[in-house]
1. With r defined as the distance between the Cβ atoms of Arg65 and Gln159 and R0 fixed at 22 Å, what FRET efficiency is calculated, to the nearest 0.05?
2. Counting only the heavy atoms of the protein chains, how much of Asp23 is accessible to a 1.4 Å probe, in Å² to the nearest 10?
3. Once you place label points 7 Å from the Cα toward the Cβ at Ser145 and Gln50, how far apart are they in nm?
4. My understanding is that a pair violates if its Cα-Cα distance is over 25 Å; which of Lys34/Lys98; Lys18/Lys135; Lys98/Lys144; Lys34/Lys152; Lys34/Lys144; Lys34/Lys106 do that in this structure?
Amino acid sequence: MKQIILENRQRIRAIIRKLTGSDNEDIEQEVYIKTWRNLENYHEEGKFKQWISALTANVCRDYFRSRQFKTETLQLNDEEVLDNLPCESEQEQIVDSKLRQKMILKAVDELPRKLRQVIELYEFEDMSYEQISRKIGVPEGTIKSRLFNARKILSEKLQNLKGE
(Lines give C-alpha, C1' and ligand atoms only; values in the text may rest on other atoms or scores of the structure.)
Protein backbone atom coordinates (compact mmCIF):
# COMPACT_ATOMS: atom_id res chain seq x y z
CA MET A 1 0.00 0.00 0.00
CA LYS A 2 2.90 2.32 0.78
CA GLN A 3 4.17 1.95 -2.80
CA ILE A 4 0.71 2.78 -4.20
CA ILE A 5 0.57 5.94 -2.09
CA LEU A 6 4.06 7.03 -3.16
CA GLU A 7 3.35 6.42 -6.86
CA ASN A 8 -0.06 8.11 -6.90
CA ARG A 9 0.09 10.85 -4.24
CA GLN A 10 0.70 13.71 -6.71
CA ARG A 11 -2.10 12.57 -9.04
CA ILE A 12 -4.56 12.18 -6.16
CA ARG A 13 -3.70 15.60 -4.73
CA ALA A 14 -4.02 17.22 -8.16
CA ILE A 15 -7.48 15.73 -8.70
CA ILE A 16 -8.62 16.80 -5.23
CA ARG A 17 -7.28 20.31 -5.81
CA LYS A 18 -8.96 20.48 -9.23
CA LEU A 19 -12.34 19.33 -7.94
CA THR A 20 -12.47 21.03 -4.54
CA GLY A 21 -10.36 24.09 -5.18
CA SER A 22 -7.98 23.34 -2.32
CA ASP A 23 -5.83 20.67 -0.71
CA ASN A 24 -7.96 18.49 1.55
CA GLU A 25 -6.10 15.91 3.63
CA ASP A 26 -9.34 14.31 4.85
CA ILE A 27 -10.39 13.52 1.29
CA GLU A 28 -6.89 12.29 0.48
CA GLN A 29 -6.94 9.92 3.46
CA GLU A 30 -10.41 8.69 2.45
CA VAL A 31 -9.04 7.90 -1.03
CA TYR A 32 -6.24 5.81 0.50
CA ILE A 33 -8.68 3.96 2.76
CA LYS A 34 -11.06 3.21 -0.12
CA THR A 35 -8.14 2.13 -2.30
CA TRP A 36 -7.00 -0.30 0.37
CA ARG A 37 -10.53 -1.64 0.92
CA ASN A 38 -11.28 -2.04 -2.81
CA LEU A 39 -7.90 -3.18 -4.07
CA GLU A 40 -9.17 -6.72 -4.59
CA ASN A 41 -11.96 -5.32 -6.82
CA TYR A 42 -9.42 -3.81 -9.23
CA HIS A 43 -8.99 -5.97 -12.30
CA GLU A 44 -6.12 -5.42 -14.69
CA GLU A 45 -8.55 -4.53 -17.52
CA GLY A 46 -7.60 -0.85 -17.39
CA LYS A 47 -4.76 1.24 -16.09
CA PHE A 48 -4.43 1.49 -12.32
CA LYS A 49 -3.91 5.26 -12.60
CA GLN A 50 -7.31 5.63 -14.26
CA TRP A 51 -8.94 3.44 -11.63
CA ILE A 52 -7.49 5.41 -8.72
CA SER A 53 -8.32 8.70 -10.51
CA ALA A 54 -11.97 7.64 -10.83
CA LEU A 55 -12.00 6.57 -7.19
CA THR A 56 -10.58 9.97 -6.17
CA ALA A 57 -13.20 11.84 -8.21
CA ASN A 58 -15.94 9.74 -6.61
CA VAL A 59 -14.64 10.47 -3.10
CA CYS A 60 -14.69 14.20 -3.95
CA ARG A 61 -18.29 13.89 -5.16
CA ASP A 62 -19.21 12.05 -1.96
CA TYR A 63 -17.62 14.87 0.03
CA PHE A 64 -19.77 17.48 -1.74
CA ARG A 65 -22.86 15.42 -0.92
CA SER A 66 -21.80 14.94 2.71
CA ARG A 67 -23.26 16.55 5.79
CA GLN A 68 -19.77 17.85 6.65
CA PHE A 69 -19.58 19.88 3.42
CA LYS A 70 -23.11 21.19 3.83
CA THR A 71 -22.29 22.26 7.38
CA GLU A 72 -19.03 23.90 6.28
CA THR A 73 -20.70 25.93 3.56
CA LEU A 74 -23.48 27.11 5.91
CA GLN A 75 -26.32 26.79 3.44
CA LEU A 76 -24.60 28.89 0.80
CA ASN A 77 -27.73 29.16 -1.31
CA ASP A 78 -29.07 31.78 1.10
CA GLU A 79 -27.43 35.05 0.01
CA GLU A 80 -28.48 36.75 3.23
CA VAL A 81 -26.36 34.34 5.24
CA LEU A 82 -23.40 35.02 2.96
CA ASP A 83 -23.80 38.78 3.27
CA ASN A 84 -23.76 38.57 7.07
CA LEU A 85 -20.73 36.30 7.36
CA PRO A 86 -17.71 38.11 8.78
CA CYS A 87 -15.25 36.74 6.20
CA GLU A 88 -11.96 37.95 4.97
CA SER A 89 -11.39 38.11 1.22
CA GLU A 90 -9.43 34.85 1.08
CA GLN A 91 -12.10 32.98 3.06
CA GLU A 92 -14.79 34.34 0.75
CA GLN A 93 -12.85 33.07 -2.23
CA ILE A 94 -12.61 29.61 -0.68
CA VAL A 95 -16.36 29.55 0.01
CA ASP A 96 -17.10 30.80 -3.51
CA SER A 97 -14.80 28.16 -4.96
CA LYS A 98 -16.52 25.38 -3.01
CA LEU A 99 -19.93 26.64 -4.07
CA ARG A 100 -18.84 26.73 -7.72
CA GLN A 101 -17.46 23.19 -7.48
CA LYS A 102 -20.66 21.97 -5.87
CA MET A 103 -22.75 23.56 -8.63
CA ILE A 104 -20.55 22.10 -11.37
CA LEU A 105 -20.55 18.58 -9.91
CA LYS A 106 -24.33 18.73 -9.40
CA ALA A 107 -24.78 19.76 -13.04
CA VAL A 108 -22.49 16.93 -14.19
CA ASP A 109 -24.41 14.44 -12.02
CA GLU A 110 -27.68 15.56 -13.66
CA LEU A 111 -26.43 14.81 -17.19
CA PRO A 112 -27.79 11.72 -18.98
CA ARG A 113 -25.63 8.69 -18.18
CA LYS A 114 -23.87 8.47 -21.57
CA LEU A 115 -22.96 12.16 -21.56
CA ARG A 116 -21.92 12.11 -17.89
CA GLN A 117 -19.67 9.11 -18.49
CA VAL A 118 -17.81 10.83 -21.34
CA ILE A 119 -17.40 14.17 -19.54
CA GLU A 120 -16.10 12.42 -16.40
CA LEU A 121 -13.58 10.34 -18.33
CA TYR A 122 -12.38 13.30 -20.42
CA GLU A 123 -12.39 16.11 -17.85
CA PHE A 124 -11.81 14.35 -14.51
CA GLU A 125 -9.64 11.42 -15.58
CA ASP A 126 -7.81 13.22 -18.41
CA MET A 127 -8.44 10.42 -20.89
CA SER A 128 -8.07 11.03 -24.64
CA TYR A 129 -10.85 10.46 -27.19
CA GLU A 130 -9.10 7.27 -28.24
CA GLN A 131 -8.81 5.95 -24.68
CA ILE A 132 -12.47 6.69 -23.96
CA SER A 133 -13.48 5.07 -27.25
CA ARG A 134 -11.64 1.88 -26.33
CA LYS A 135 -12.92 1.89 -22.76
CA ILE A 136 -16.62 2.20 -23.56
CA GLY A 137 -16.57 0.61 -27.02
CA VAL A 138 -17.95 3.38 -29.23
CA PRO A 139 -16.34 5.27 -32.14
CA GLU A 140 -14.26 8.39 -31.45
CA GLY A 141 -16.77 10.47 -33.42
CA THR A 142 -19.48 9.42 -30.97
CA ILE A 143 -17.21 10.41 -28.07
CA LYS A 144 -16.66 13.85 -29.61
CA SER A 145 -20.38 14.28 -30.22
CA ARG A 146 -21.30 13.26 -26.67
CA LEU A 147 -18.63 15.55 -25.24
CA PHE A 148 -19.94 18.45 -27.34
CA ASN A 149 -23.52 17.79 -26.19
CA ALA A 150 -22.48 17.43 -22.55
CA ARG A 151 -20.58 20.72 -22.67
CA LYS A 152 -23.52 22.45 -24.34
CA ILE A 153 -25.91 21.28 -21.60
CA LEU A 154 -23.44 22.21 -18.86
CA SER A 155 -22.92 25.62 -20.44
CA GLU A 156 -26.66 26.27 -20.34
CA LYS A 157 -27.06 24.97 -16.78
CA LEU A 158 -24.08 26.92 -15.52
CA GLN A 159 -24.80 30.15 -17.41
CA ASN A 160 -24.78 32.12 -14.14
CA LEU A 161 -21.13 31.16 -13.50
CA LYS A 162 -19.88 32.60 -16.79
CA GLY A 163 -19.88 36.19 -15.57
CA GLU A 164 -17.57 35.36 -12.66
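The values are calculated or read from the model by the stated rules, or taken from the named source; none is laboratory data. Everything numeric in this text was worked out from a predicted model, so none of it was measured. A quick note on method: Cβ atoms are made from the backbone with ideal geometry, for glycine too, and the neighbour counts reach across all protein chains shown. For accessibility, only protein heavy atoms count, side chains too; no ligands or nucleic acids. Shrake-Rupley method; radii C 1.70, N 1.55, O 1.52, S 1.80 Å.
1. Efficiency computed from Cβ-Cβ geometry: 0.40.
2. 110
3. With each label placed 7 Å out from Cα toward Cβ, I get 2.2 nm.
4. Pairs exceeding 25 Å: Lys98/Lys144; Lys34/Lys152; Lys34/Lys144.
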